Amino acid sequence: MWYLGIDLHRLTVVIAGVNDAGEAMNATTIRCEDTEAIRQFAEKFGAFRAVIEATGTYRWLYDLLRPYGGIVLAHPLRLRAMIQRRSKTDKLDAMLLANLLRINQVPLAYIPPEPYQQLRNLTRARARLVREQVKAKIKLRDLLARQNRQTPYRTLGKRCLAWFGKQDFGQIENLVRDELVLRLQHFEKQLAILDEHMFALREAFPQVETLTDIHGIGLYSALLIVAELGEVDRFHNAKQVGAYTGLTARVNQSGGHCYRGSITRQGSSWLRWILVEAAMKVVQEDVALKNFYTRVRKRASAKVARVATARKLAEICWKRLRRWQRENIPSAAPA
């Protein structure tokens, strides 16, 4: 069997390989746009295994090669921690990946199934739109501050935008105002379209119902948590979920000394964001989490308590999702 190491870039793919006998082939560079050449190159090996270093654009290559061999994803941070080299080239990187795969030492990253990947794309796109919408609103308020004016409305809703349209800020500032208003209207329209798609996904992901029962977690938050966690049975216990969210403290222990630093911030930043946002809503109704938040705040700070509550909330969400899966999917129940 051949083991292929693939170094993926924006324009090119560098592929190196080694077989069971340790015989290596020369690295080959193929342009990303030539997908037929990549497919034909992979087909000639027959049965093979390949490893791709995780990037933001790996999915198209994974989908292209998956029908022809086994594809795994290498975790880039853990990979760099394992290997220290004086020379670094694309060909050396590809050969290194191939050799690590041959000896089964690749630090693996999670590849979500296609439905979860599509849900991730949708929820992340909505989050990006909301962030851009907030930036536009801040710029509108900056415009008011430069003119030393105050809006009669507390929020920048439709009535407030209509009020903005009637004001005269000067020739140049009016152009800036009109561009920002058009941008906000565009964001509102696109958010409505995405919300309609997400509402339709309730049937495809019925497990979100077990999360929306929690005060402070709505449909969007539940879908984002489900998308970022992926298949719940890949975690063996709640501590692994806390570590996956990046909300656990760094630990440096040696002998009798043990130092705990800030949180690791590993894993999905989108998952951390929604958990921290939801945590402060949950503690308003959930007595147990409120008591936990209060205890941590007394001995540490409000910021630390908020993060600790978010980690606890991640564990609760995972337990609820696992329970739902075992109750509704017989094959997922423990033997």
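The values are calculated or read from the model by the stated rules, or taken from the named source; none is laboratory data. What you see is a predicted model; the values in this text were computed from it and never measured. Ideal geometry is used to build each Cβ from the backbone, glycine not excepted, and the neighbour counts take in all protein chains shown. Only protein heavy atoms, including side chains, enter the accessible area calculation; ligands, DNA and RNA are left aside. Shrake-Rupley method; radii C 1.70, N 1.55, O 1.52, S 1.80 Å.
From a point 7 Å beyond the Cα of residue 80 in the direction of its Cβ, which residues of the stretch 1-22 have a backbone N at a distance under 16 Å? Counting backbone N atoms under 16 Å from the label point, the list is 8. Taking only the Cα atoms of the stretch 1-157, the ratio Rg/Rh comes out at 1.22, with Rh defined as the Kirkwood radius. Just checking the listed ones, 70, 216, 170: in the Gaussian network model of the chain with Cα springs under 10 Å, the one fluctuating most is 170.
Result for the chain in a Gaussian network model with C-alpha springs under 10 Å: among 110, 259, 68, the largest mean-square fluctuation is at 259.
Taking amide H as placed 1.01 Å from N in the peptide plane, residue 53 has its amide H under 5 Å from the amide H of 6, 8, 74, each at least 5 places away in sequence or on another chain. Accessible area per residue for the chain, computed on protein heavy atoms with a 1.4 Å probe, is 58 Å².
Computed 3J(HN,Hα) for the stretch 151-168, one whole-Hz value per residue from the Karplus formula 6.51 cos²θ - 1.76 cosθ + 1.60 where θ = phi - 60°, is 7, x, 10, 6, 10, 8, x, 5, 5, 5, 5, 5, 5, 4, x, 8, 8, 10, glycine and proline marked x.
The phi-based Karplus calculation (6.51 cos²θ - 1.76 cosθ + 1.60; θ = phi - 60°) puts the 3J(HN,Hα) values of the stretch 193-202 at 5, 5, 5, 5, 5, 5, 4, 5, 7, 4 Hz, whole numbers, x for Gly and Pro.
Quantify, in whole percent, the carbon and sulfur part of the accessible surface of the chain (1.4 Å probe; protein heavy atoms only). Show your work: numbers first, answer last.
Working: 9780 of 19400 Å².
The C+S portion of the solvent-accessible surface of the chain is 50 percent.
Would you kindly calculate the translational diffusion coefficient of the stretch 135-262, applying Stokes-Einstein with the Kirkwood radius from alpha carbon pairs, for 37 °C and a viscosity of 0.692 mPa s, and quote it in µm² s⁻¹ without decimals?
Stokes-Einstein gives a translational diffusion coefficient of 170 µm²/s.
For the stretch 213-224, backbone phi angles converted through the Karplus equation (6.51, -1.76, 1.60; θ = phi - 60°) give residue-by-residue couplings of 5, 7, 4, x, 10, x, 4, 4, 4, 5, 5, 5 Hz, Gly and Pro being listed as x. Name the shape class, rounded, prolate or oblate, that the alpha-carbon gyration tensor gives for the stretch 235-335, where a ≥ b ≥ c are the square roots of its eigenvalues, rounded holds for a/c under 1.5, and otherwise prolate holds if a/b is larger than b/c and oblate otherwise. In terms of gyration-tensor shape, oblate.
For the stretch 24-89, the square roots of the Cα gyration tensor eigenvalues, ordered a ≥ b ≥ c, give a/c of at least 1.5 with a/b greater than b/c, which places it in the prolate category. Considering only beta bridges that DSSP places wholly inside the chain, some 65 percent are antiparallel.
Exactly which trypsin sites (Lys or Arg not before Pro) in the stretch 114-153 are in a DSSP loop and have at most 16 other Cβ atoms within 10 Å?
Working: sites: 120, 124, 126, 128, 131, 135, 137, 139, 141, 146, 149; in loops: 149.
Passing sites in the stretch 114-153 are 149.
Ignoring aspartates and glutamates fewer than eight residues from residue 239 along the same chain, the ones with Cα atoms less than 13 angstrom from its Cα are 315. A cut-off of 5 Å between modelled amide H atoms, ignoring neighbours fewer than 5 places along the same chain, links residue 48 with 70. Solvent exposure of residue 199, expressed as accessible area, is near 130 Å², computed with a probe of 1.4 Å over the protein chains only.
What you get for the stretch 177-260, charging only the Cβ of Lys and Arg (+1) and of Asp and Glu (-1), is a dipole of about 560 debye around the Cα centre.
Obtain the radius of gyration and the Kirkwood radius of the chain from its C-alpha atoms and give Rg over Rh. Walk me through the numbers before you get to the answer.
Values: Rg = 24.9 Å, Rh = 23.8 Å.
My calculation puts Rg/Rh at 1.05.
If you count the DSSP beta bridges with both ends in the stretch 7-123, what percent of them are antiparallel, to the nearest 5? Expressed as a percentage, antiparallel bridges in the stretch 7-123 total about 65.
Could you sort 53-64, 95-106 so that the peptide with the highest average Cβ count within 10 Å comes first and the rest follow in order?
On the way: 53-64: 14.8, 95-106: 18.9.
Per-residue mean Cβ counts within 10 Å order the peptides as 95-106, 53-64.
Taking amide hydrogens as placed 1.01 Å from N in the peptide plane, the amide H of residue 12 sits under 5 Å from those of 32, each at least 5 positions away in sequence or on another chain. Here the sum of -39500 (n - 2.57) over DSSP H runs of 4 or more residues, divided by the residues of the chain, equals -18000 deg cm²/dmol at 222 nm, to the nearest 500.
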